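Every number in this text was worked out from the coordinates using simple rules, so none of it is lab data. Every value quoted in this text rests on a predicted model; they were computed, and no experiment measured them. Methodologically, a virtual Cβ is constructed for each residue, glycine included, from the backbone with ideal geometry; neighbour enumeration extends over all protein chains shown.
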Amino acid sequence: MSLSFDLSDDQKALQEAAHAFAKDVMRPVAAHHDETGEYPWDALVQAHAAGLLNTHVENDFGGMGLGAVDGIVIAEELAWGCSGIGTAMEANGLAQQPVILGASAELKEKYLAPMCAPLADGERPKMAAYAVTEPGAGSDVQGLKTTAVKQGDKWILNGSKMWITNAGVADWYFVVALTDPAKKASGGMTAFIVERGWPGVEPGKKEYNMGQRCSDTRGVTFDNVEVPEANVVGKIGDGWKLAMAAFDYTRPSVAGAAIGVARAAFEYARDYSMDRKAFGVPIAQHQAIQFMLAEMAMEIEAGRLLCYKAASMKDNHQRNTMHSSYAKAFCADVVMKTTTNAVQIYGGYGYSKEYPVEKLMRDAKIFQIYEGTSQIQRLIIARELLFRNK
């Protein structure tokens, strides 16, 4: 039996639609949103109309029910257009994924279905945020301090989250809190859907980051927030399991977005090298530049294949935790290296804001940090290799 790496006709159609959106809608406004940090509402309204938001929500709740490979195809093209706008769009998917995996049909109908419904004139899409990271507990799961205490038919939520994408614009948050501090991650954490408008929910100030500046990143404080019992996602004690299970779907997609940024940087560098002359010839004729471009192309292709492998495993109901980390770690490093080398090929022009690769290099760095740092990915891989089979 042969092994095919070709996309299906439906996936090619998704790729073409996402690329057209990235080219026509995202790229023309990317510099503006990078400069101002303004949240890209106009682009999101158009993305919603184009069917590029909330793509993994099941058909029963108004979504397209797309698979993991489909998500990578879309994410790469959107990030090629602008990874800041792309992250604002894709943040919905991260918040939704544990709800898709573990929530009741009633919760999905209440919170996912409205996100997929057609928009009225002037209406903005509904947004969500994945609120797990804390000021003192990013990679350190055991350091999570947000608590939820049962009182009658409600849970009283207290604590703070940090570096939450979409925190200032989200209609609701997926939140993980300690419900049995003695157990910590081993059954002591529970997941909730928390609405931003409830008393005691306070988003913090917008963070002005190095890159992806239009992605709304903030802290969120929960001060005696009353959460109904009905808003528990999955079973009590399953919070951390649901939060981590979502990454098996989203890390390949984030890795695909990294490849989209790397591809953009490669294309800019390739085209520039054929126009820019040094020593009487285009710099593309110098072996030093050729080798840099060749390495960019090789690593982009390898990274994309890692993404497809991890996502294909998930679509085929196979455990893909290690392969998701392969893709996330490798592609995050590829995009950082590729964008840095693109700036190098541009020389002094690359260091100027007048040229596009400077933004791409700044945007690239976060891929080595969010959704699990590159060091955490390597830790996951090592544990899977050394202890999983044993």
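In the elastic network of the chain, a GNM with C-alpha springs shorter than 10 Å, the most mobile of 61, 330, 279 is 279. Among 154/206; 12/328; 183/235; 241/314; 108/314; 161/314, which pairs are too far apart, with a Cα-Cα distance over 27 Å? Result: 154/206; 161/314 exceed 27 Å. Think of each Lys and Arg Cβ as +1 and each Asp and Glu Cβ as -1; about the Cα centre, that makes the dipole of the stretch 348-390 roughly 280 debye. Eigen-decomposition of the gyration tensor built on the alpha-carbon atoms of the stretch 241-388 gives equivalent ellipsoid semi-axes of 34, 14, 12 angstrom, largest listed first.
Sites listed here are trypsin sites (Lys or Arg not before Pro) in the stretch 270-325 whose DSSP assignment is loop and whose Cβ has at most 12 other Cβ atoms within 10 Å: 319. Across the stretch 9-116 the C-alpha pair distances fall into 5 Å bins from zero in the proportions 2, 13, 24, 23, 18, 12, 7, 2, 0 percent. In order along the stretch 116-130, the Karplus-derived 3J(HN,Hα) couplings, from 6.51 cos²θ - 1.76 cosθ + 1.60 at θ = phi - 60°, round to 9, 5, x, 8, 6, 4, x, 7, 9, x, 7, 10, 9, 9, 9 Hz, and Gly and Pro are given as x. Within the listed set 308, 208, 173, the Gaussian network model of the chain (springs between alpha-carbon atoms below 10 Å) gives the highest mean-square fluctuation for 208. Taken along the Cα-to-beta-carbon direction at a fixed 7 Å, the label points for residue 41 and residue 210 span 3.1 nm. Overall, the stretch 284-390 carries a charge dipole of about 520 debye about its Cα centre when +1 sits on the Cβ of Lys and Arg and -1 on the Cβ of Asp and Glu, all other atoms neutral. Helices meeting the span-like rule in the chain (full DSSP H runs, Cα extent of at least 30 Å along the helix axis, mean Kyte-Doolittle score of -0.5 or higher): 239-275, 287-315, 321-346.
Altogether, the Stokes-Einstein calculation at 37 °C and 0.692 mPa s, with the Kirkwood radius of the stretch 128-236 over Cα pairs as Rh, returns a diffusion coefficient of 236 µm²/s.
Result for the chain in a Gaussian network model with C-alpha springs under 10 Å: among 303, 237, 65, the largest mean-square fluctuation is at 65.
Cβ crowding within 10 Å ranks 374, 352 as 352, 374, fewest other Cβ atoms first.
Between 128, 116, 294, the Cα set farthest toward the positive side of the dipole of the chain (charges on each charged residue's Cβ, about the Cα centre) is that of 294. Computed log10 I(q)/I(0) for the chain at 0.09 Å⁻¹: -0.52, from the Debye equation with unit scatterers placed on every C-alpha and solvent omitted.
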